[in-house]
Amino acid sequence: MINNSTMNRVDWPAQVSKIRLFLTVQLPALYKRYPFAVIGAATLLLMIFIAIFAPFLATVDPQAVAPLNRLKPPSWEYWFGTDALGRDVYSRVMYGTRVSLTVGISVAVLSTVIGLAIGLITGFVRWVDAIVMRIMDGLMSIPSILLAIALMALTKASIENVIIAITIAEVPRVVRLVRSLVLGLREQPYVEAAAASGTPLLKTLLRHILPNIAAPLLVQATYICASAMITEAILSFIGAGTPPNIPSWGNIMAESRSLFQIAGYLILFPSIFLSATVLAVNYLGDGLRDALDPRLSRRM
Amino acid sequence: MLSYIVRRLGATVVVMAVVAFVVFSLLYLTPGDPAAVIAGDVATSEDIARIRQSLGLDQPFLVRFGNWVWALLHGDMGTSIFNSLPVSKLIGQRVEPTLSLTICTLIVAILTSVPLGAIAAARAESKLDHAIMGFSVLGFSIPVFVLAYLLILLFSLQLHWLPVQGYRPISEGIWPWFLHLILPSLALGTVYAALIARITRASVLDVLSQDYIRTAQAKGLKESDIMIHHALKNAAVPIITIIGIGIGLLISGAVVTETVFAIPGIGRLTVDAILRRDYPIIQGVILIFSATYVMINLMIDLSYVFFDPRIRY
Amino acid sequence: MINKLRRSAILAVIPAAVALGLTSFSLPAQAQQQKTLRFIAQADLKILDPITTTAYITRNHGYMVYDTLFAMNSKFEIKPQMVDKFTVSPDKKTYTFTLRDGLMFHDGTPVRSADVIASVERWSKRDGLGQKLAESTDSWSATNDKTFVLKLKKPFAFVLDALGKPSSNVPFIMPERIAKTDAFTNITDPTGSGPFKMVKDEWVPGSKVIYVKNKEYMPRKEAPSWASGGKVVKVDRVEWLYIPDAATAANALGNGEADWWEQMPPDLIPVLAKNTSVKVENIDPLGSMGLIRFNFLNPPFNNEKMRRAVAMVVNQQDYVLGIAGSADNGKPCASYFTCGTPLSNNVGSSLLTGKRDFEAAKALIKESGYKGEKIVIISAADQPIVQSQSLLTTELLRKLGLNVELQAGDWGSLITRRTSKEPVDKGGWSIFHTWLVGPDLLNPGVNFALRGNGEKAWFGWPTDQKLETLRDAYFDAPNAAGAKKAAEAVQGRAFEFLPYIPTAQFILPTAYRTNLSGIIVAPMALLWNVEKK
């Protein structure tokens, strides 16, 4: 007689063997084919982990000032040293991961979504195309730095403003990419066939267009993420970045910029984290590009 | 071809009009104003209001925009709110340093990245290829100012080979001019070079897989000849495109470079103007930026005809 | 074949280029017979008018191209500068001044009484001490081109102090045609009668300002002391460089690309310490004072108890370290007048010098009825001294359990935003930080942050009739002892009312290459008397 309960019990052995399969066979195979991408993904995961668990990883409150302890080099007590106000650099770098990752991922997601929407419209609606592309050209000709400074001067320094400013600068690039892809896809026989058979536009978009542009978009998104993190650092350097008391890697470096000869560790550690993360994301993007569609390497 | 150029120029005017309007609106919406900066520390609110009035800052939006456009059409970009010097003179003072920095950076970047990218493509998947691409990715993973500081630390402070900062006009001698531009060009050019190298490699790789290359190899042409006479020319279109798009990058990086190396360029002029709300300068500079950017991209699009005979306008 | 041609062409060009480069390298060296002093200024000179703005950089520019009737020396005495002799009537209501011989403006015209009167009148429309003088003034009149008379309605003990005021705004003397400009419109013509002439054509705003020696200037015979005495210029040309990045400025000085750095952040001293051709000194005898300024229009700091709670926990030592880096360059100063000057005193300072008491402060906050109103501290990320104070205060208020938010923009945003009288949720503010130089805090006459005149006051708009009355009493003081008592009374009230909280006194060191000599020890950078070997 069949025991119903055995059907409902979770099949642990099968799950475990799936994980084991991944770890022992699939992952090494992936690593062999795309070593840098896997390292990049692992680094990124590490950074995400740090960002989420920063409160537990940090040793002291990152905003606590202790002027008596200012400018102490790295030691057992202050792993990365202290800055000009006595704040612990290690804890600030841990918390800074949050800001930098938030900016990078938000900009990537926002610019991709907005760029996708605009690109799809311009690809399909002719009269909108001319106007929108001119506006995109106009936007591209205003350097993002100036836009960010203007926004900050308009209101105040905040993470939201930084994200908005960098997104505005990145959207035109996404739009260009989507538009060129859509224009190419529109001529494809299966799309024409769908139009001829009366498929509503939305369905065409979802079933035929989107799946084919997902890959390049994803790759582009990773590059945008990397570039956004660097841009945030540069904006903080100029003083138009995230608010000063909330640590971000760019911030930490900017505040201590004049001290690089005396307390180089203040710039060294955030720079290592920033560069490592940006490198990781870039390599991840390269790996994705090679894996999903080798022909993409021609375009990006 | 001619009609294409005319059409593009027409589009340029539209673009610049859009930019002008956007910039002017952005500045108009700014809650603060230069009157407070001018008035100084001890001013009262009434003093500031009087200064606003004398600067014409309290007039309605369309009136100010109209006045500005009208003056612009007569070649007058207005005067700085702070030092009352004409905007055209202020920008003119900074054209030479900016152009010098840009051209040197372009030369450094293109001369290093295109050959490196081509070599990487020719030796694809080899250790050399990985090394070059690795350096390239590193190149745009380091913020410009970190790179600048490292360069200063090494070449100026340790080795004493190059000056720390400053700009020397060509009129004071070619050699000092050049010396002062080496480090800034290196710092700024590295990021740019990294980007171009990647695209060069990708594009050349694509071309190298084409049949006509195989034919040339079969004919026994030297590799360098194949590269220079066949591959690069056909790979040029994406490379030139990225050079054009990368100019935006150059401007952003230039602001930082000019700050660190104390070069009196347009980047710093703009940042300073924004920070103290010197509207006429901001408007003038952004207009020039977009005009330059659009023109350069137009020239790049036109240059395609030279590189790829299939492209016709 | 074409390649060979190309190759030889390139090979020919290289030595030509090198030769060209070498010759052009040596040429400028030969042309450098004149002595040029390259001075890294504290800021970028944006405005040329020292009357419409109190910016210290513009004041310094003023000291280059203009001259003053009187000037203060290192003993705080007012000495004649452009004035040759003067007399005061027995009833102290008439002052007669006679100018020195040979005073000329840069455009060749002589300095006349009419120029002096127009300049002083324009200055007194903007400056606080000048306004006080104007209140007591009946008339200024010119007897002839070299003699002029001031008639007062009632005796005013500070006439000479006003005319010899060392810091912003300084009553510089300009040609009458320029001085007739409206006091709220910036002048653009830097013609003056001072020891230097500005070469306006070579001015690159944001990068450098060029001055040359005024060969027609007639210095006084006495030795220089602060801004008084003989202004003998010993160089031919001065270049004011603006280098925004502090590390770059330090390295430029160390490398010999500049001669003198006006003010350097104390943290960078180690960078230059090992350099034997650079000297780092504290030549500013008065230093500057940081301060926490409240907004008296918005809750919660319109409540005196809240302000006192903050004062009870402010630890000046922390601010000294945050601003100056170490005790070498700063010290606590719990006085509303610059420590080390005649009028600074200890009345009421136990509020800041006593033991810091967080519990008592929290109790006082409760007592004041604080309902959790949002406190907005506006700061400027590009001003390290402002920024470090803001960060320290933000932490302090957080420790007190207050609802505080730090909003940092740039200096331009800050000085714009602080003009807003709106509530905090409409773009207003609760606290901002800044610093003032020693000469601006010498006494109740010049200290514009120490007033209680409400709407007309400095940003923050405190209203306190008692403070105003006590300040007026200072002006009516008959002698030095009376002035000291009046100042003490003002400070006593200030520590009750708390128009602002002084945070620290600090000195920004100056750095110069060892081939310079003759730098005047003064609270502002004065470029005469400096020699370059």
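Observations
- Checked against (1) touching a Ser or Thr at 6+ places or on another chain (Cβ under 8 Å); (2) farther than 30 Å from C:Asn73 by Cβ, C:Ser335 meets all criteria but (2).
- Being open to solvent by 10 Å² or more (accessible area, probe 1.4 Å), at the interface with another protein chain (Cβ under 10 Å from one of its Cβ atoms) and closer than 20 Å to B:Leu106 by Cα holds for only one residue in B:Ile240, B:Ile245, B:Ile266, and it is B:Ile245.
- Among residues of the stretch C:386-433, those that are within 8 Å of another protein chain (Cβ to nearest Cβ) and under 18 Å from the mean Cα position of the chain (by Cα), counted: 3
- Pairs linking a residue in the stretch B:74-99 that is more than 18 Å from B:Gly265 (Cβ to Cβ) to a residue that is at pLDDT below 90 and of a type in the set (Asp, Glu), with Cβ atoms under 6 Å and 6 or more positions apart or on different chains, are B:Ile81/B:Asp278; B:Phe82/B:Asp278.
- Note on the stretch A:51-108: residues that are among the β-branched types (Val, Ile, Thr), surrounded by fewer than 24 Cβ atoms within 10 Å (Cβ to Cβ) and more than 26 Å from C:Gln316 (Cβ to Cβ) total 4.
- Any pair with Cβ under 8 angstrom, 6 or more apart, that starts in the stretch B:131-147 at a residue that is more than 22 Å from B:Ala121 (Cβ to Cβ) and ends at one that is among the small types (Gly, Ala, Ser) and open to solvent by 10 Å² or more (accessible area, probe 1.4 Å): B:Ile142/A:Ser271; B:Ile142/A:Ser275; B:Pro143/A:Ser271; B:Val146/A:Ser271
- Cβ-Cβ under 7 Å pairs, at least 6 apart or on other chains, the stretch C:28-40 side closer than 17 Å to B:Trp177 by Cα, far side modelled with pLDDT of 50 or more and open to solvent by less than 90 Å² (accessible area, probe 1.4 Å): C:Pro28/B:Glu172; C:Pro28/B:Gly173
- Residues being open to solvent by 20 Å² or more (accessible area, probe 1.4 Å) and under 30 Å from A:Ala240 (Cα atoms) - total across the stretch A:171-211: 2
- Filter result (crowded, with 22+ Cβ neighbours inside 10 Å and over 17 Å from A:Gln261 (Cα atoms)) within the stretch C:242-258: C:Tyr242, C:Ile243, C:Ala258
- Hey, A:Ile48 in a helix (DSSP H, G or I), open to solvent by 50 Å² or more (accessible area, probe 1.4 Å) and closer than 21 Å to A:Ser106 by Cα or not: yes
- Residues in the stretch A:240-264 that are buried (at least 24 other Cβ atoms within 10 Å of the Cβ), free of Cβ contacts under 8 Å to residues at least 60 places away in the same chain and of a type in the set (Gly, Ala, Ser): A:Ala254 alone.
- Test: residue in the stretch C:205-221 that is more than 14 Å from every other protein chain (Cβ to nearest Cβ), of a type in the set (A, V, I, L, M), surrounded by 19 or more Cβ atoms within 10 Å (Cβ to Cβ) and in contact (Cβ under 8 Å) with a residue 24 or more places away in the chain: no
- Scan of the stretch A:60-114 for residues that are part of a loop (DSSP other than H, G, I, E, B) and under 26 Å from the mean Cα position of the chain (by Cα), ordered by number: A:Pro62, A:Gln63, A:Phe80
- A:Thr167 meets each of the listed conditions (1) open to solvent by less than 20 Å² (accessible area, probe 1.4 Å); (2) in a helix (DSSP H, G or I); (3) closer than 30 Å to C:Thr416 by Cα; (4) within 14 Å of chain B (Cβ to nearest Cβ) apart from (4).
- The numbered conditions (1) open to solvent by 30 Å² or more (accessible area, probe 1.4 Å); (2) assigned to a loop (DSSP other than H, G, I, E, B); (3) aliphatic (A, V, I, L, M) are all true for B:Leu162 except (1).
- Test: residue in the stretch C:466-488 that is touching a Gly at 6+ places or on another chain (Cβ under 6 Å), open to solvent by less than 20 Å² (accessible area, probe 1.4 Å) and either within 14 Å of chain B (Cβ to nearest Cβ) or closer than 30 Å to C:Asn251 by Cβ (or both): no
- Test: residue in the stretch B:194-213 that is more than 20 Å from B:Ala235 (Cβ to Cβ) and open to solvent by less than 10 Å² (accessible area, probe 1.4 Å): no
- Of all residue pairs spaced 6 or more apart or on separate chains, none has beta-carbon atoms under 7 Å together with a first member in the stretch C:352-363 that is open to solvent by 40 Å² or more (accessible area, probe 1.4 Å) and a second member that is among the hydroxyl-bearing types (Ser, Thr, Tyr) and outside any loop (DSSP other than H, G, I, E, B).
- Summed over the stretch B:214-235, the residues that are among the small types (Gly, Ala, Ser) and either within 14 Å of chain A (Cβ to nearest Cβ) or open to solvent by less than 10 Å² (accessible area, probe 1.4 Å) (or both) give a count of 3.
- Within the stretch A:195-206, residues that are part of a helix (DSSP H, G or I) have Cβ atoms under 6 Å from residues that are of a type in the set (A, V, I, L, M) and open to solvent by less than 90 Å² (accessible area, probe 1.4 Å) in these pairs: A:Thr204/A:Ala194, counting only partners at least 6 apart in sequence or on another chain.
Residues checked against (1) over 16 Å from C:Asp440 (Cα atoms); (2) out of contact with any strand residue (DSSP E or B) (no Cβ under 9 Å at 6 or more places or on another chain):
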{"site": "C:Phe497", "(1), (2)": "yes, yes"}
{"site": "C:Pro502", "(1), (2)": "no, no"}
{"site": "C:Phe506", "(1), (2)": "no, no"}
{"site": "C:Tyr512", "(1), (2)": "yes, no"}
{"site": "C:Ile519", "(1), (2)": "yes, no"}
{"site": "C:Val530", "(1), (2)": "yes, no"}
{"site": "C:Lys533", "(1), (2)": "yes, no"}
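- Some residue of the stretch B:290-299 being open to solvent by less than 30 Å² (accessible area, probe 1.4 Å), out of contact with any strand residue (DSSP E or B) (no Cβ under 7 Å at 6 or more places or on another chain) and modelled with pLDDT under 75: no
- Some residue of the stretch C:261-278 being away from chain A (no Cβ under 14 Å) and among the aromatic types (Phe, Trp, Tyr): no
- Every pair of residues 6+ apart whose Cβ atoms lie under 9 Å, when the first sits in the stretch C:427-443 and is open to solvent by 10 Å² or more (accessible area, probe 1.4 Å) while the second is among the charged types (D, E, K, R) and outside any loop (DSSP other than H, G, I, E, B): C:Gly427/C:Arg417; C:Asn443/C:Asp161
- Qualifying residues in the stretch C:37-77 (those that are in contact with an Asp or Glu (Cβ under 7 Å, 6 or more places away or on another chain) and in a strand (DSSP E or B)) - the one farthest from C:Trp435 (Cα to Cα): C:Leu37
- Verdict on C:Leu268 being out of contact with any Gly (no Cβ under 7 Å at 6 or more places or on another chain), under 30 Å from B:Val260 (Cα atoms) and in a helix (DSSP H, G or I): yes
- Verdict on C:Thr510 being among the hydroxyl-bearing types (Ser, Thr, Tyr) and surrounded by fewer than 16 Cβ atoms within 10 Å (Cβ to Cβ): no
The values are calculated or read from the model by the stated rules, or taken from the named source; none is laboratory data. Everything numeric here is computed off the predicted structure, so don't read it as measured data. So basically every Cβ, Gly included, is an ideal-geometry build from the backbone, and we count neighbours across all protein chains shown. The accessibility values were calculated without ligands, DNA or RNA, using every heavy atom of the protein model including side chains. Shrake-Rupley method; radii C 1.70, N 1.55, O 1.52, S 1.80 Å.
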